[in-house]
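Everything below concerns the one structure shown next.
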Amino acid sequence: MASISSRRLSKELMEIKNDGCPVGINLVNADDFSTWLFTIEVMGDSLYQNEQFTLQFRFDQQYPISSPAVQFVVTEGRQAPVHPHVYSNGHICASILGNEWSPVLSVIAVCVTLQSMLASCKVNQTTYRPIDNDRYVKHAPENPKKTRFHYDGEF
Amino acid sequence: MSSDYEFSDNEGEYYDSDEMMDDYQNDDDEEMETYEYNNNNNTNDNDYDYTNDDDFRIPTKSKSKSYQVEYTSLTQSLVEKAMKEEVDHVSGIFGVEPSTATLLLRHSGWNKERLIDKYMENPTQVLVESGCQVPEPIPSSSSSHSVDDKSGSGSRRATRSSSKLSLLSSSITSSNRSSSHKKISSTSDSSTTFTCPICYDDSPSLTALSLTCAHSACSGCWNAYAISKIRDEGEHCIRCMTEGCAIVAPDEFIHSVLRDDGKDLIRFQELVVRGFVASNPKLKFCPYPGCTNTVSCPSAAGKSVLSTLVPIVSCGARGITSSASNQNQNPSSFSTSSALSTTTTTTTSLHNKEHIFCFGCPIESDHRPVICAVARLWMKKCEDDSETANWIKSNTKECSQCQSTIEKNGGCNHMTCKKCRYEFCWVCMGPWSEHGTAWYSCNRYDEKGGVEARDAQSRSRASLERYLHYYNRWANHEQSTKLSLDLYAKTEKKMSDMQITSSLTWIEVQFMKKAVEALEKCRETLKWTYAMGYYLGRGNEKELFEDNQRDLERAVEDLAELLEGGGVEMEKEKENVGGLRQRITDKTVYVQKRNEIMLEDTAIGFQDGRWKWNVGVDGFEEPIEDFGGVV
């Protein structure tokens, strides 16, 4: 029997293929049930106009009971958005990826959340990385799920 | 300390102590009896005698000594019973289901008084906060993606079930037993089949389960979710899986979801009990691995009393209970005794140590006579490598060229670094070449500076020596305690030999075992007296303390000499075993007496506030005198 994780992911993939992604989000790669890549753009009038970011999802066997590992891709000319909750290594400090993860959330739901996180970014914040960026990036584990974030913002 | 020294607390934070006692009292009749049978390897009589007095108020272990605290040990089932009584009480007052009352109590940290106050004020709010009831639906834009409505942190998905919410929540207070969770085998809402929102399975055989919030998921997902919560997070508060939904699953729901998975169910129950114990300052869970007992010690609840007493307790169990093969393991590690001895029963009883721990701090041994705060200071000092640094500082210098650390252990002041071959003067640290013709005596050093440097070095050395004096004795007794396992084995051997070579019977050679046990106990006390002595401020009190310490130490070493060295002697005077027995018994009694005096005197001193420290200790005045160098 296929594991819950692969069954669930195949259903999610089928839904994406049938219904398409929300505006601004595109599936790039979903060849297996361990890593998926999306591109994400912020639509309309925002500070990230005309910028495109790549979002990487990694799933373990316990998905969807355990959260996916989500981060922005920062290799091959790709950049992480400059945002107070995004570290320069692509790690994202968002509570729904940690202690507020719920198995009812889906890959698309996470994408939409992150899209709206970027969209709601204020003018004066765009020049900021998280305040502890340098220290964090220096010692950060490869997998963002291994980091214990302290969620202090709205996200 | 007298029994009326009850920890009273005005904040109404904890249980009323009377009620607490009653809770445990009512159910002890059979439970304690069976418990005693299960642990029949407990050969030590008086300490854990759970005979039931009619008057519940008299503690089973009457507190006669000032260095002992009153406590009761409870098995997991007793704690569960106590929890159940609390639940029944609250459930009776509020007129709610016991499962609801359980969740209410857990949410309020088992603080019944505060819960009742709050509940009387606003029952709905309390029910919502505890995850028993769905809050009134917040009017929201009913968007399909919950991520869009970020406004309220507690806002949930606006689903079609929101219209049913008020109806469902009202049923929770009704007496309908099965109202806490429902099974929906097939929903008639949109389609004929149910699709689990977690695994997206839609097979018709799927069982959908939901809590009062009506967010359903299939039983398989609930099972995986509950197991991951229990195993990975050690969490017994399991909420609905839906994002933002704060409804907590009642115990019956968890039980049904876990199905026949015995291990996780046991773990869940243990987590529930641990939560209860942790929220009550009068209770502490036994820290020994695999032990599930709890100790109730109302007189040591609260930080302030810890400066006047040392709450050493025992949970009543022995040995490491995690493995069922416990009985087989012990004799095998003492093969010498088990093979030939006729006293295998005593082998197990000797090594199945009581679970003794401190109620007030995390030290898992009997650290009497010294109080928790000072014991912790000492442990920290011993663990720190600050003393190593201290030693290096007072004994070594660095090569001024390559910075290698050099200890000068003799010879003249003309040093040649082994590593970089740099030649320098030990006194002034300058290059040797500049000393010119003044070989072997350094006159370049400033006289005053030299004196100061020497003073600093000798002060540092004196402080170090003082520390080492106490530490060596402390470590020595610790080492002896560790070696006591060997001594046990040897004593076993001697005891069986004695039965063969002399006319003494098994019961008559038990004096040896008693002596070894007394020895170990007193060494433990002695060990900690050195920790106490190190921090005691100078004065008459300290001198009296050291006199007691010296007497105990002498008695202990005499007895140890007799026991360990006595073997050879015994061979010689085989005909005189009776005499040896008499001497050992006498010494054992004396050692116990000295131990008693030591513990009693220090305990009374704590109650009278007689002890002064040479460092700052929580709950005591700052030291007035300055003992330069004592860190």
Item to check | So A:Asn50, is it surrounded by 16 or more Cβ atoms within 10 Å (Cβ to Cβ), assigned to a loop (DSSP other than H, G, I, E, B) and away from chain B (no Cβ under 14 Å) | outcome: no
Checklist entry - Within segment B:109-122, restricting attention to residues that are in contact with a Phe, Trp or Tyr (Cβ under 9 Å, 6 or more places away or on another chain) and not in a helix (DSSP H, G or I), which residue is nearest to B:Ala246 (Cα to Cα)? => result B:Trp110
Checklist entry - Looking at segment B:208-317, what strands (runs of 3 or more DSSP E) fall wholly within it and have at least 1 residues that are within 30 Å of B:Tyr67 (Cα to Cα)? => result B:283-285, B:294-296
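This table checks each residue for (1) free of Cβ contacts under 8 Å to residues at least 12 places away in the same chain; (2) under 38 Å from the mean Cα position of the chain (by Cα).
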site	(1), (2)
B:Ser203	yes, no
B:Thr207	no, no
B:Ala214	no, no
B:Cys221	no, yes
B:Ala224	yes, yes
B:Arg239	no, yes
B:Pro250	no, yes
B:Ile254	no, yes
B:Val257	no, yes
Checklist entry - Is there a residue in segment B:491-498 that is in contact (Cβ under 8 Å) with a residue 12 or more places away in the chain, among the basic types (Lys, Arg), part of a helix (DSSP H, G or I) and under 15 Å from B:Ala560 (Cα atoms)? => result yes
Next on the checklist: Take the conditions under 30 Å from B:Glu354 (Cβ atoms), over 19 Å from the mean Cα position of the chain (by Cα), away from chain A (no Cβ under 14 Å) and among the basic types (Lys, Arg) and apply them to B:Lys284. Does it pass?
Outcome noted: no
Checklist outcome for this item: Those residues of segment B:197-219 which are within 12 Å of chain A (Cβ to nearest Cβ), modelled with pLDDT under 85 and surrounded by 17 or more Cβ atoms within 10 Å (Cβ to Cβ) amount to B:Pro197, B:Ile198, B:Cys199, B:Tyr200, B:Asp201
Checklist entry - Somewhere in segment B:242-259, is a residue among the hydroxyl-bearing types (Ser, Thr, Tyr) and more than 14 Å from every other protein chain (Cβ to nearest Cβ)? => result yes
Item to check | Filter result (in contact (Cβ under 8 Å) with a residue 24 or more places away in the chain and part of a loop (DSSP other than H, G, I, E, B)) within segment A:105-121 | outcome: A:Leu105, A:Ser106, A:Cys121
Checklist entry - Within segment B:224-235, can you find the residues that are more than 10 Å from every other protein chain (Cβ to nearest Cβ) and buried (at least 17 other Cβ atoms within 10 Å of the Cβ)? => result B:Ile230
Checklist entry - A:Gly90 is checked against (1) within 14 Å of chain B (Cβ to nearest Cβ); (2) among the small types (Gly, Ala, Ser); (3) over 24 Å from B:Met241 (Cβ atoms) and fails just one. What number does that condition carry? => result (1)
Checklist entry - What residue, of A:Ile16, A:Ile65, A:Ile40, is within 14 Å of another protein chain (Cβ to nearest Cβ), assigned to a strand (DSSP E or B) and either more than 27 Å from A:Ser88 (Cα to Cα) or among the β-branched types (Val, Ile, Thr) (or both)? => result A:Ile40
Next on the checklist: So B:Ala82 passes all but one of these: (1) surrounded by fewer than 19 Cβ atoms within 10 Å (Cβ to Cβ); (2) closer than 24 Å to B:His355 by Cβ; (3) at pLDDT 90 or above. Which condition number does it fail?
Outcome noted: (1)
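The values are calculated or read from the model by the stated rules, or taken from the named source; none is laboratory data. As the structure is a prediction and not an experimental result, all values here were calculated from the model. As a convention, Cβ positions derive from the backbone with ideal geometry for all residues, glycine included, and neighbour counts pool all protein chains shown.
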